[in-house]
Amino acid sequence: GFVVTLLFGKSNSEKYLEQCEHSFLPCTSVGIPKCIEEMKRETRPIKIDRRLTGANIIDEPLQQVIQFSLRDYVQYWYYTLSDDESFLLEIRQALQYALVQFSARSKETDWQPYFTTRLVDDFGTHLRVFRKAQQRIAEKGNQMKDQAEELVDTFFEVEVEMEKEVCRDLVCTSPKDEEGFLRDLCEVLLYILLPPGDFQNKIMRYFVREILSRGILLPLINQLSDPDYINQYVIWMIRDSNCNYEAFMNIIKLSDNIGELEAVKDKASEELQYLRSLDTAGDDINTIKNQINSLLYVIKVCDSRIQRLQSGKEIDTVKLAANFGKLCTVPLDHILVDNVALQFFMDYMQQTGGQAHLFFWMTVEGYRVTAQQQLEVLQSRQKDGKHQTNQTKGLLRAAAFGVYEQYLSEKASPRVNIDDNLVAKLAETLNHEDPTPEIFDDIQRKVYELMLRDERFYPSFKQNVLYVRMLAELDMLKDPSFRGSDDGEGESFNGSPTGSINLSLDDLSNVPSDETVQLHAYISDTGVCNDHGKTYALYAITVHRRNANSEEMWKTYRRYSDFHDFHMRITEQFENLANILKLPGKKTFNNMDREFLEKRKKDLNAYLQLLLNPEMMKASPALAHYVYDFLENKAYSKGKGDFARKVRIF
């Protein structure tokens, strides 16, 4: 009985266990054996499509960047975990997909209006907000405890006033809000650039978002906004460039920051002290003397500017706004070609809602120049037997259509309000004829007349405080306390824009306007100098300046190339002088011969006497500044004209 019970129980137990195994336990997995079998197979070579943008000159550097990034930031830790290359391949393909998407979207974007209009407008708006905030701070005086913090608060208050519904104070002042904004920005970029499957992977998306926002964008913004970095970068850019003397002096004369002027003065005094301590002899002493004279002149200009600012004689636009009868009249055509004046007029046009007219005029000017250059290149290539007519005309047609769509079409915002017949005629021409550089001339002329005669624009601009500030920036105010005379009421601007506009207040204050002051100059001697193997002629000019109370005399030394540069400069600024003043011609060979030097001395003397003729000075009052600068006892700073830059003077 025991044996029967044991055998029967064993067979029943086995049947029951089989039922339980099939009912409750999962079937044996086949994935692990397949994975093992797959790992035993030989690895196949991975093929990577290296095309990204379609331009090999761009694709290859981008591929190198991807390779180095994977090597430095992924491979060094990944290979400690696995030798499988599939993960690296997935990362590389995701990066390449993002770059391809970025390239494709960039090609679809019309960048011309963004860079020429929107970006410039945003930058100009930022500067206007900053200037207005500074103006409010100055009006409050010394009532603020922390001026830097007050400036930040005032800046964002002005921003809200000017842009109505936009204020960026939290993003710009709160690190937490700035990081949140950058995260949101990166999430939008990832949505646009990543494959849909990768974007839906939250772990990957958040990981990449944090890398982009906190590891790339935030450090980049902090570095670009660091004042020390900006200063060091500016120094690096100008290290190998020769500072233009006129630009440097104009910056000093237009500066309204006493701290900056004192810093320049201290630096010039330090350099002056060093030069005076040098033990020099021979030819070097003349160079040292010229440098000392230049530094003394810089210190003198800084002192003059500081005294003017401290004495309260700086331009009070509110006070002078009531005295418009004595202000110069700068024609609109001169305003449009001068960068400083154009900025003030642009600010005013944006205030009045007429910026589209001004931007259209400027865009057409740029289109005309570009079209002329393209057609000249096309003609030269046709002469050489190269044919690219259709391509060039296609580019010009696209540019012309871009101008039309941006300013004249029904979709344009803001739109230039001009005669509909002219716009329809232009559209007909664009559709049926090849574009020419003059295709927009008729409408541009109408827009210019509109800006000139419409009471909302140029006429009202002359009665606006921005016009007074423009004159102050250009040093063209007719304030009697500055000029010593209140003659010339309603005096109009005469001469070229760069000629009189660049004339500074300090220069005019040093130029005698009284007829009792007499200036005489003649070349008293000439000689041949050798400087580091270069031989050139040097002319000694004796200068007499006499007025009712005093008399001055000094000598200054100039080369023929200095005379030539001076002549080119004044004939560019005062076109009427080109037909009157004739500079002796240059000579390439045997130009150190004594007989030739004496003849040139005689001719240059005649040139000087004609230049210093009182009638000549009276006909061109602004000429006095250039003459005094040329005859002053200091190293002559060359500011060559366009033609003189292309000609080497011996």
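Things worth noting here:
- Taking 0.36 nm per residue of separation and subtracting the current Cα-Cα distance, fully stretching the chain between residue 83 and residue 427 would add 117.4 nm.
- Note on the stretch 245-311: Rg/Rh from Cα positions, Kirkwood definition for Rh, rounded to two decimals, is 1.06.
- For the stretch 245-311, the solvent-accessible area with a 1.4 angstrom probe is 62 square angstrom per residue.
- Note on the stretch 110-156: Rg/Rh from Cα positions, Kirkwood definition for Rh, rounded to two decimals, is 1.23.
- The modelled label-to-label distance for the pair residue 269/residue 370, using points 7 Å beyond Cα in the direction of Cβ, is 5.2 nm.
- Approximating the spin labels as points 7 Å out from Cα along Cα→Cβ, the residue 152-to-residue 214 distance works out to 2.2 nm.
- Accessible surface, per residue, of the stretch 334-380 when the full set of protein chains is kept, probe 1.4 Å, Å²: 42 Å²
- Taken per residue, the accessible surface of the stretch 110-156 reaches 74 Å², heavy atoms only and a 1.4 Å probe.
- Accessible area of the stretch 110-156 belonging to carbon and sulfur atoms, whole % at 1.4 Å probe: 54 percent
- Cross-link pairs 411/446; 107/202; 107/164; 393/425; 164/462; 289/582 - those with Cα-Cα distance over 24 Å: 107/202; 107/164; 164/462; 289/582
The values are calculated or read from the model by the stated rules, or taken from the named source; none is laboratory data. All of these numbers come straight from a predicted model, not from anything done at the bench. Counting neighbours? That spans all protein chains shown, and the Cβs are built from the backbone with ideal geometry, glycine included. The protein model used for the area step is the full one, side chains on, heavy atoms only, and it has no ligands, DNA or RNA in it. Shrake-Rupley method; radii C 1.70, N 1.55, O 1.52, S 1.80 Å.
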